[in-house]
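**Q** Just dropping this structure here.
The values are calculated or read from the model by the stated rules, or taken from the named source; none is laboratory data. Just so we're clear, the structure is a prediction, and the values are computed from it rather than from any experiment. As a convention, Cβ positions derive from the backbone with ideal geometry for all residues, glycine included, and neighbour counts pool all protein chains shown. Note: accessible area is taken over every heavy atom of the protein model, side chains too, but ligands, DNA and RNA are not part of it. Shrake-Rupley method; radii C 1.70, N 1.55, O 1.52, S 1.80 Å.
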Amino acid sequence: MYNRPYAFNVALPQGRPDRFDRHVQRRLTEMTGQFLDQDAFEAMAASGNPVIYEVYELVRPQTAGELNHGLSVVHAGKVGDEYFMTKGHFHARLERAELYYCLWGEGLMVMETPEGEWAVEELRPGRVLYVPPRWAHRSVNTGKSEDLITLFTYPADAGHDYGTIERQGFRKLIIEYTGQPIAVDNPRWRLPEGKP
Ligand code: PAN
Ligand code: ZN
């Protein structure tokens, strides 16, 4: 029954909605190449391969006008000095935006455009973040022990381009330095193929 209004509830601090179509659990080894500290990555992969984040999504028909929406739950932890984070992506249709609302925890959204602009915005409960068209986005949990929980919605025809970030990474990484999160240049960031 696709065209009836519906409502659902979100249990906090679990971040689990009582209605969803899709539940994704992303484990560390599904993020090969994204964390900087390779030794820490391998040690953690060998000792339990933890779930880094989960997504509960209500998936709508992929037509203009529909909005996918759901909950993103990034667990607390670090790989070396780098906080747990999502894979991050551009929308396959680059001209598609997204809205995030933070429900729980503390974190940062790291964003960048193909043209080389970048931005980092704080996420904490009550804070709304608008990700405009063309901006790749990755959420990072900078909290000590709590999950970072955000509600998101984006056009159902946006699609996801993970490959670009898998190949070149984000320009900025978020690491802990003297107990605080800071954005540093990603030494492994690569120019997109075909660009001088
Ligand atoms: C979100 C993200 C979610 C997980 O729903 O998909 O936070 O991050 P990754 O998709 O990068 O693994 C979203 O931005 N959708 O477009
Ligand atoms: Zn998105």
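**Q** For a quick check of your reading of the filter: which trypsin sites (Lys or Arg not before Pro) in the range 148-193 sit in a DSSP loop and have no more than 13 other Cβ atoms within 10 Å?
**A** Details: sites: R167, R171, K172, R188, R190; in loops: R171, R188, R190.
In loop regions of the range 148-193 (DSSP not H, G, I, E or B), the sparsely surrounded trypsin sites (Lys or Arg not before Pro) are R188, R190.
**Q** Hey, can you find the accessible area per residue of the range 21-185 for me, probe 1.4 Å, expressed in square angstrom?
**A** Working: 7290 Å² over 165 residues.
Accessible surface, normalised per residue, equals 44 Å².
**Q** Counting Lys +1, Arg +1, Asp -1, Glu -1, what net charge surrounds T142 among other residues with beta carbon under 11 Å of its beta carbon? Don't skip to the end; give the middle numbers.
**A** Details: positive: K78, R124, K144; negative: E82, E106, E122, E146, E176.
Computed value for this residue: -2.
**Q** Related question: Taking the Cα centre of the chain as origin, work out the dipole magnitude from +1 charges on Lys and Arg Cβ and -1 charges on Asp and Glu Cβ, in debye rounded to 20. It would help to have the intermediate numbers written out before the result.
**A** Working: 22 positive and 27 negative charges, 75 e Å.
In debye, rounded to 20, the chain gives about 360.
**Q** Once you've got the GNM for the chain with C-alpha springs shorter than 10 Å, pick whichever of R16, R127, R138 has the biggest mean-square fluctuation.
**A** The residue with the greatest mean-square fluctuation here is R127.
**Q** Right, here's the next one. Let me confirm the definition first: pairs of Lys residues in the chain, 8 or more apart or on different chains, C-alpha distance under 18 Å. How many are there? Spell out each step's value before the answer.
**A** Values: K78/K87; K78/K144; K78/K172; K87/K172.
Lysine pairs meeting both conditions in the chain amount to 4.
**Q** Please work out, to two decimal places, the log10 of the ratio I(q)/I(0) at q = 0.14, 0.24 Å⁻¹ from a Debye calculation in which every Cα of the range 47-118 carries one identical scatterer.
**A** These q points yield log10 I(q)/I(0) values of -0.61, -1.34.
**Q** If you don't mind, there's one more thing I want to ask. Per DSSP H run of at least 4 residues, take -39500 (n - 2.57); add these up for the chain, divide by its residues and hand me the 222 nm value, nearest 500 deg cm²/dmol.
**A** Numbers: 2 runs with 15 residues, N = 196.
Roughly -2000 deg cm²/dmol at 222 nm, from the helical runs in the chain.
**Q** Cα gyration tensor of the range 142-196, axes a ≥ b ≥ c as square roots of the eigenvalues: rounded (a/c below 1.5), prolate (a/b > b/c) or oblate? Write out the running numbers ahead of the final one.
**A** Working: a/c = 3.61, a/b = 1.14, b/c = 3.15.
In terms of gyration-tensor shape, oblate.
**Q** What is the distance, in nm, between label points placed 7 Å from the Cα along the Cα-to-Cβ direction at E121 and at D39?
**A** 3.8 nm
**Q** Dipole magnitude of the range 99-196 about its Cα centre, charges +1 at Lys/Arg Cβ and -1 at Asp/Glu Cβ only, in debye to the nearest 20? The partial results should precede the final answer.
**A** Details: 11 positive and 14 negative charges, 36 e Å.
Approximately 180 debye in magnitude.
**Q** Using the Cα centre of the chain as origin and beta-carbon charges of +1 (Lys, Arg) and -1 (Asp, Glu), tell me which of A92, Q38, M109 is placed farthest towards the positive end of the dipole.
**A** Positive-most Cα among the choices belongs to A92.
**Q** May I ask which residue of S72, P50, A158 lies farthest towards the positive end of the charge dipole of the chain, with charges of +1 (Lys, Arg) and -1 (Asp, Glu) on Cβ and the Cα centre as origin?
**A** Towards the positive end, the residue furthest out is A158.
**Q** Using the crude model of +1 on Lys and Arg Cβ and -1 on Asp and Glu Cβ, and no other charge, please compute the dipole size for the range 75-154 relative to its Cα centre, in debye to 20. Walk me through the numbers before you get to the answer.
**A** Working: 9 positive and 12 negative charges, 44 e Å.
For the range 75-154, the charge dipole is close to 220 debye.
**Q** So, one more: For the range 104-196, report the convex hull volume of the alpha-carbon atoms normalised per residue, in Å³, without decimals. Mind dumping the intermediate values first?
**A** Values: hull volume 10.8 nm³, N = 93.
Taking only Cα atoms, the range 104-196 has a hull volume of 116 Å³ per residue.
**Q** Okay, moving on. Can you give me the solvent accessible area of S72 with a 1.4 Å probe, rounded to the nearest 10 Å²?
**A** Per-residue accessible area (S72): approximately 10 Å².
**Q** Using Cα centres only, tell me the gap between the range 10-25 and the range 66-109 in whole Å.
**A** About 15 Å separates the Cα centre of the range 10-25 from the one of the range 66-109.
**Q** Could I ask something else about it? Under 1.5 on a/c is rounded, so check that first for the chain, then, if it is not, pick prolate when a/b is larger than b/c and oblate when it is not; a ≥ b ≥ c are the square roots of the alpha carbon gyration tensor eigenvalues.
**A** Because a/c hits 1.5 or more and a/b fails to exceed b/c, the chain counts as oblate.
**Q** In a Gaussian network model over the chain where Cα atoms closer than 10 Å are linked, find which of Y162, Y56, Y100 has the largest mean-square fluctuation.
**A** Y162
**Q** Now, a different point. I'd like the carbon and sulfur percentage of the solvent accessible area for the chain, probe radius 1.4 Å, heavy atoms only, ligands and nucleic acids excluded. Write out the running numbers ahead of the final one.
**A** On the way: 5140 of 10090 Å².
That fraction is 51 percent.
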